[in-house]
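Below is one structure, written out as structure tokens; comments come after it.
The values are calculated or read from the model by the stated rules, or taken from the named source; none is laboratory data. Computed from a prediction, not measured in an experiment: that's the story for all the values here. FYI the Cβ positions are ideal-geometry reconstructions off the backbone, even for glycines, and counts take in every protein chain you see.
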Amino acid sequence: MKKFAFCIVILFLTSIAFGFIPDYWPTNSWKHDDSYSFDELESYIKRIFWKELHSLIIVKDGYVVYENYFKENGSQVSPDELHALYSATKSINSLLVGIMIDKGYISSEQIKITEIFSDYVFENPSKEKEEIEIRHVPENTCGFEWNEWAYSYSDPRNIYNKFVNSPDRVQFVLNLPMAHTPGEKFVYNTGASHLITAAIQRLTGKSALELAEENLFHPLGITEVIWSKDSQGINKGAGLNMIPEDMAKIGLLVLTEGIWEGKQLVPKSWIEKSLQKMHKVSTDVFFGYHWWIYEYKDIEIISAYGYNDQRIYIVPSKSLVVVTTAAISSEFSLTLLKDYILPKFE
């Protein structure tokens, strides 16, 4: 009984942290609040400017309180410039899985991968491979033999490079031998993430881009995106390009638990499930359904995270969304958030 009561308290605390509803919707344009000063933040950015921060947007209570565009290779970045999200795309893919369930394309996230790709003949068949469910993909717990962190991404020995250079990326992933039982171990796997966009195309008859445009992008007022495709015509699992202000809309949608202009675009239950701390990655870092979750002091930070620090941060307890685009091979933006942004809203 005591354990049950504890769980109820935790769920209640989570529910009151999320569910923020702004007093307007930035579908057509964002409103600004210029009452905040960020002198220390800008001073810090200038000191490390060589690290190539391209844009920074801070949204508090639905209003843009800071927005700046810097330089890329010496040229001024335009607010309308599309930026490659890289693996931050995967967080949007996760939202699309929830939409597929809501629209009845699949009954649940427990559908088997081998069922979705039943016409494929793949190498290294096993009982474990037959047990991979689509939920294991955004969890990064498929169990495939894979380690893209063993070598740098510029190293041809990196399995990621073998995957992107393969003539059929879906086939490459399905051919992989198994190293773990599905659901057992967190292993970051960009290759497996491509299975989500491929599954969307098979299950809905629409590309991931078309499904997103119909159910996500157009309702949010996102009209200009590029989503690159592989050689089979499938939108890449990490291939989305978007302007920073539209990235911020994705963050606000998560903050409202999937509501936009009074309409539930993504099921609230899916948002809640996606942001559970399913796997501990390192000290104070957890992973949900393609969302990174950081514990910092008494604050929970949710993040979509792409190569070179493309970020969408959501801080529910502060009704805060922060977006960065950059060419930085570190977690520079997390330092910005913890040391220079969060203290402004204490």
Report yes if LEU252 is crowded, with 21+ Cβ neighbours inside 10 Å and over 24 Å from TYR105 (Cα atoms), otherwise no. yes
Test PHE186 against the stated conditions and say whether it is modelled with pLDDT of 95 or more, of a type in the set (A, V, I, L, M, F, W, C), touching a strand residue (DSSP E or B) at 6+ places or on another chain (Cβ under 9 Å) and surrounded by fewer than 22 Cβ atoms within 10 Å (Cβ to Cβ). yes
Pick from ILE299, ILE314: which is under 20 Å from ASN68 (Cα atoms), of a type outside the set (Asp, Glu) and touching a residue at least 24 places away in the same chain (Cβ under 8 Å)? ILE314
On the basis of being under 26 Å from PRO219 (Cβ atoms) and at pLDDT 95 or above, does TYR24 make the cut? yes
Per the list (1) on the phi > 0 side of the Ramachandran plot; (2) modelled with pLDDT under 95, residue check on PRO156 breaks on (1)
GLY143 vs (1) surrounded by fewer than 20 Cβ atoms within 10 Å (Cβ to Cβ); (2) out of contact with any Cys (no Cβ under 9 Å at 6 or more places or on another chain): all pass except (1)
Looking at the stretch 230-247, which of its residues are farther than 28 Å from ARG169 by Cα and surrounded by fewer than 23 Cβ atoms within 10 Å (Cβ to Cβ)? GLU245, ASP246
Odd one out for ASP309, checked against (1) buried (at least 20 other Cβ atoms within 10 Å of the Cβ); (2) closer than 22 Å to GLU257 by Cα: (2)
ILE101 over 17 Å from ALA192 (Cα atoms), modelled with pLDDT of 95 or more and not in a helix (DSSP H, G or I): no
Need the failing condition index for PRO125 against (1) under 30 Å from THR325 (Cα atoms); (2) surrounded by fewer than 20 Cβ atoms within 10 Å (Cβ to Cβ); (3) not hydroxyl-bearing (Ser, Thr, Tyr), just the number. (1)
So in the stretch 131-158, with the set limited to residues that are out of contact with any Asp or Glu (no Cβ under 9 Å at 6 or more places or on another chain) and of a type in the set (Asp, Glu), which one is farthest from HIS194 (Cα to Cα)? ASP155
Here the residues within the stretch 170-222 that are in contact with a helix residue (DSSP H, G or I) (Cβ under 6 Å, 6 or more places away or on another chain), among the hydrophobic types (A, V, I, L, M, F, W, C) and outside any helix (DSSP H, G or I) are MET178, ILE222
Cβ-Cβ below 6 Å, separation at least six or inter-chain, first residue in the stretch 108-124 and within 20 Å of GLY183 (Cβ to Cβ) and without any contact (Cβ under 8 Å) to a residue 24 or more places away in the chain, second buried (at least 17 other Cβ atoms within 10 Å of the Cβ) and of a type in the set (A, V, I, L, M, F, W, C): which pairs? ILE111/ILE134
Do any residues in the stretch 221-237 that are touching a residue at least 24 places away in the same chain (Cβ under 8 Å) and closer than 26 Å to TRP260 by Cα have Cβ atoms under 6 Å from those of residues that are of a type in the set (Asp, Glu) and not in a loop (DSSP other than H, G, I, E, B), where the two are at least six apart or on different chains, and which pairs are they? ILE222/ASP246
Would you be able to say whether some residue in the stretch 190-207 is free of Cβ contacts under 8 Å to residues at least 60 places away in the same chain, surrounded by fewer than 17 Cβ atoms within 10 Å (Cβ to Cβ) and under 20 Å from the mean Cα position of the chain (by Cα)? no
Could you tell me whether ASN147 is out of contact with any helix residue (DSSP H, G or I) (no Cβ under 9 Å at 6 or more places or on another chain) and farther than 21 Å from GLY98 by Cβ? no
Considering only the stretch 41-96, state which residues are hydroxyl-bearing (Ser, Thr, Tyr), surrounded by 14 or more Cβ atoms within 10 Å (Cβ to Cβ) and not in a strand (DSSP E or B). TYR44, TYR86, SER87, THR89, SER91, SER94
